[in-house]
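Student: Following this message is one structure expressed as structure tokens.
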Amino acid sequence: MHIEAKKGADIQAQKLCRSYRMGQSEIRAVNDVSFSINSGEFVALLGTSGSGKSSLLNLIAGLDTPTGGSVAVAGRDLARMSREELARYRRSTVGMVFQAFNLVAAMTVLENVELPMRFAEVARDQRLSRARTALERVGLGHRVDHRPAELSGGEQQRASLARALVNSPQLLLADEPTGNLDSRTGSEIMDLIHRINSEGTTVLMVTHERPLAERYASRFIFLRDGKLVEDPSKVPA
Amino acid sequence: MKTVDLVELAARNLRESVLRNSLTTVGISVGVASLVAMLSLGIGLQHLASSRLAKSGLFDSIYVTSGRRVQGPNGRWERRKAPPPPLDEPARQKMASFSEVSEVYPDIRFPAEVKLDAAAKVQDPAAPKPNAAKSESGEPVESGERGSGRDFQLISGLPMSARQLETFDNMKGKFFSAPDAAEVILQSDEARSLSDKPEDLLGKDVVIRYASRHLLKDDAANSAASEFGAASELSVYAVTPVERKLRVVGLVESKADAGIRGAGSAGAYVPVVLAQQLEPMQATQVRLAGDRDPMSNSYQALIVRVDRSGQVEPVEDKIKQLGYNTFSLLDATRSLRRFFAILDLFLGIFGSLALAVASLGIINTLVMSILERRREIGIMKAIGASDGDVQKLFFAEAGAMGVFGGTLGVLLGWMIGRVINFGTRIYMQRQQQFTPDDVWLVPLWLGLGAIGFSLLVSLVAGLYPAARAARLDPVQALRYD
């Protein structure tokens with residue numbers, strides 16, 4: 001069973017804003033950000049802690065809705081989508097990898113990877129076969145029946161990656177995917193993400209490790225205090 | 001998400017917090033058990049009363065007569081303008097053809113003297129000499145000396161279906177072997193007047209002596225008519241004393257034919273077909289003897305039995321349309337049903353209180369579950385679960401607790417009922433005047449209904465937690481630790 005690779009999604013953000021109210025004051029986590037990412041690109045979103053990277057990623061993931069501006073993924077404006085449409089978008093267009101892995105502790109690795117397909121109403125036999133293929137692809141074919149707590153950090157992140165890929169997303173969003181891993185394991189994960197990108201999937205990765213970004217990403221977006229501060233088109237040689 | 005996946009995920013989640021979910025389920029089961037116990041008591045009492053009344057033969061029978069007076073629509077008796085319709089065999093067959101009717105038989109009661117075959121006692125001084133009496137078969141019946149005890153009794157004809165009457169529950173001996181068997185069942189008082197040891201009468205023969213009414217034919221009729229100056233076109237009957245030997249097959253304590261299906265007390269019972277064959281002179285026939293048309297071939301009254309008490313009213317209406325008068329105890333059953341409907345309602349309300357408390361337990365469990373699984377809900381939303389998926393998942397968990405709790409509760413309620421039935425039976429057996437019976441009854445519909453009700457209550461209790469889980473902001477939920 002082979003997981004079908006879809007053409008990567010392009011992203012268009014126009015004057016994108018996301019602000020939160022904290023008592024009397026308003027915090028602008030994402031402030032008037034505009035950029036575009038082409039289909040199949042590997043873009044690193046860099047910035048210090050609290051710069052708004054994760055908030056921007058959540059907007060693109062459809063987990064949050066902008067308070068201003070627009071963000072379009074594969075030509076569809078997420079700001080205009082209903083909650084039901086956003087759920088469908090998250091399960092069919094986007095795959096997400098988190099710094100904390102976010103696997104369901106009560107489920108085995110196989111069940112975790114199978115979970116997005118339950119929401120997508122994939123038939124049971126197909127589901128099992130696709131989950132196993134995804135796990136083998138990330139090198140976890142031998143740990144399918146283990147629970148997350150029985151895996152190392154690197155293995156958990158691999159499982160998380162398999163779960164993100166199992167519905168063949170056009171866009172892979174990774175939020176500090178190596179943040180909880182040692183450098184060697186981090187590199188292994190980054191190699192996997194790079195390989196996924198080379199198969200056509202657009203990758204947007206949040207990180208604060210510039211060397212890592214320089215090694216894998218084809219372009220950077222820098223954020224500071226919620227604003228775009230730099231957008232070099234190419235990684236320096 | 002497909003239903004099967006929903007059920008699988010719900011079952012998995014319930015297994016994860018097995019202690020808490022089990023306690024909640026037990027709470028529901030106690031509530032359901034309380035509801036089942038209360039309702040099954042009401043149903044059991046209703047069933048007990050209904051079966052007792054059904055066995056009394058009071059509520060499934062219609063007493064049909066024909067006379068010059070007829071009951072009008074306002075309930076008042078009015079004199080008929082046309083001659084009354086005959087209550088004869090065609091009329092009986094017509095009533096028996098109604099689909100709701102199980103049987104129609106004539107109400108035959110006649111006075112007779114009952115005596116032991118070997119030592120018959122004759123007390124009626126007006127009765128002919130013993131030697132004048134002949135058995136129906138023509139054989140002379142040996143009559144003994146006159147006794148001092150009074151044994152002049154009313155004999156009643158009963159159909160084979162009368163075996164179901166409560167009176168025959170504790171009968172000594174057996175019921176009639178056939179509708180026309182030459183057999184008799186004696187009341188204990190009557191039996192005691194014949195023997196100091198009534199049980200010894202079983203299997204022995206008694207002789208009944210009664211007034212038989214025969215239709216005289218042709219020459220005999222003409223001669224009799226001319227002798228008494230009567231018109232020759234009238235039917236002429238001869239009333240003669242007849243003795244008939246009958247085998248005692250049973251002894252009963254109470255009055256078997258009290259109520260409509262026997263109307264009055266009798267000292268002995270014979271099969272109704274045999275009673276017809278005996279051609280006894282009945283009280284009504286004596287009353288009608290002076291009439292120009294005494295309805296000579298008619299029955300005194302018919303008793304119509306319907307399959308269910310609810311069918312009494314429509315069948316009564318049909319019989320009234322044929323021109324006959326009817327009588328039933330329908331109003332009494334109506335009041336009884338109303339009483340039990342109200343009793344069931346109150347018992348149901350009291351039983352539901354515990355279930356209402358249990359539903360709060362469901363809300364508490366699910367709300368706690370949301371707090372515990374906040375991050376998990378965030379993860380599910382991040383990987384594609386819709387608000388509806390999350391809501392349905394919590395609904396399924398509430399529903400599963402409802403179904404499990406309901407099933408357990410029905411079993412518990414049933415067991416409580418069994419224990420109480422056991423205790424009640426022992427108590428009733430010790431109080432010797434009562435027949436042991438079940439006062440607790442859990443019919444299938446009550447069991448299934450209680451599980452359904454438990455599911456419904458659980459789903460209602462799950463409404464708020466499910467809506468709250470569905471509304472969770474995934475970004476906030478993912479940050480929760």
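Student: Take the residues in the range B:201-220 that are at pLDDT below 85 and under 48 Å from the mean Cα position of the chain (by Cα), then tell me which one is nearest to B:VAL248 (Cα to Cα).
Tutor: Residue satisfying both the conditions and the ranking: B:ARG213.
Student: A further question follows. Collect the residues in the range B:385-406 that are farther than 21 Å from B:GLU16 by Cβ and surrounded by fewer than 24 Cβ atoms within 10 Å (Cβ to Cβ), keeping them in residue-number order.
Tutor: B:SER386, B:ASP387, B:GLY388, listed by residue number.
Student: Still on this structure, I have one more. Confirm whether A:GLN170 is in contact with a Pro (Cβ under 9 Å, 6 or more places away or on another chain), within 25 Å of A:LEU46 (Cα to Cα), surrounded by 20 or more Cβ atoms within 10 Å (Cβ to Cβ) and at pLDDT 90 or above.
Tutor: For A:GLN170, the condition - in contact with a Pro (Cβ under 9 Å, 6 or more places away or on another chain), within 25 Å of A:LEU46 (Cα to Cα), surrounded by 20 or more Cβ atoms within 10 Å (Cβ to Cβ) and at pLDDT 90 or above - is not met.
Student: Moving on to the next point. If I filter the range B:181-194 for residues that are assigned to a strand (DSSP E or B), touching a residue at least 12 places away in the same chain (Cβ under 8 Å), within 13 Å of B:GLU253 (Cβ to Cβ) and of a type outside the set (Val, Ile, Thr), do I get at least one hit?
Tutor: There is at least one residue in the range B:181-194 that is assigned to a strand (DSSP E or B), touching a residue at least 12 places away in the same chain (Cβ under 8 Å), within 13 Å of B:GLU253 (Cβ to Cβ) and of a type outside the set (Val, Ile, Thr).
Student: If a residue must be in a strand (DSSP E or B), surrounded by fewer than 17 Cβ atoms within 10 Å (Cβ to Cβ), on the phi < 0 side of the Ramachandran plot and touching a strand residue (DSSP E or B) at 6+ places or on another chain (Cβ under 9 Å), how many such residues does the range A:21-69 contain?
Tutor: Adding up the residues that qualify gives 6.
Student: Counting only residues that are facing another protein chain (nearest Cβ under 9 Å), give me the helices (runs of 4 or more DSSP H) lying completely in the range A:71-171 with at least 3 of them.
Tutor: Because the criterion is at least 3 residues that are facing another protein chain (nearest Cβ under 9 Å), the helices (runs of 4 or more DSSP H) in the range A:71-171 that meet it are A:83-92, A:109-119.
Student: Next question. Considering every residue within the range B:96-111, establish whether at least one is surrounded by fewer than 19 Cβ atoms within 10 Å (Cβ to Cβ), at pLDDT 85 or above and part of a helix (DSSP H, G or I).
Tutor: yes
Student: Can A:LEU103 be described as closer than 23 Å to B:ARG12 by Cα, under 18 Å from the mean Cα position of the chain (by Cα) and hydrophobic (A, V, I, L, M, F, W, C)?
Tutor: So A:LEU103 passes the test.
Student: Right, here's the next one. How many residues are within 12 Å of another protein chain (Cβ to nearest Cβ) and over 12 Å from the mean Cα position of the chain (by Cα) if we restrict to the range A:51-70?
Tutor: Of the residues in that region, 3 qualify.
Student: Next question, about the same structure. Would you say B:VAL460 is modelled with pLDDT of 85 or more and either among the aromatic types (Phe, Trp, Tyr) or under 25 Å from B:GLY27 (Cβ atoms) (or both)?
Tutor: Yes.
Student: Of the conditions (1) in contact (Cβ under 8 Å) with a residue 24 or more places away in the chain; (2) within 25 Å of A:SER49 (Cα to Cα); (3) more than 14 Å from every other protein chain (Cβ to nearest Cβ), A:ASP191 clears all except one; give me its number.
Tutor: Single failed check for A:ASP191: (1).
Student: Does the range B:407-429 hold any residues that are aromatic (Phe, Trp, Tyr) and either crowded, with 22+ Cβ neighbours inside 10 Å or out of contact with any helix residue (DSSP H, G or I) (no Cβ under 9 Å at 6 or more places or on another chain) (or both), and which are they?
Tutor: Within the range B:407-429, B:PHE422, B:TYR427 meet the criteria.
The values are calculated or read from the model by the stated rules, or taken from the named source; none is laboratory data. Quick caveat: nothing in here was measured; it's all calculated off a predicted structure. When we count neighbours, we look across all protein chains shown, and the Cβ atoms used for this are built from the backbone with ideal geometry, even at glycine.
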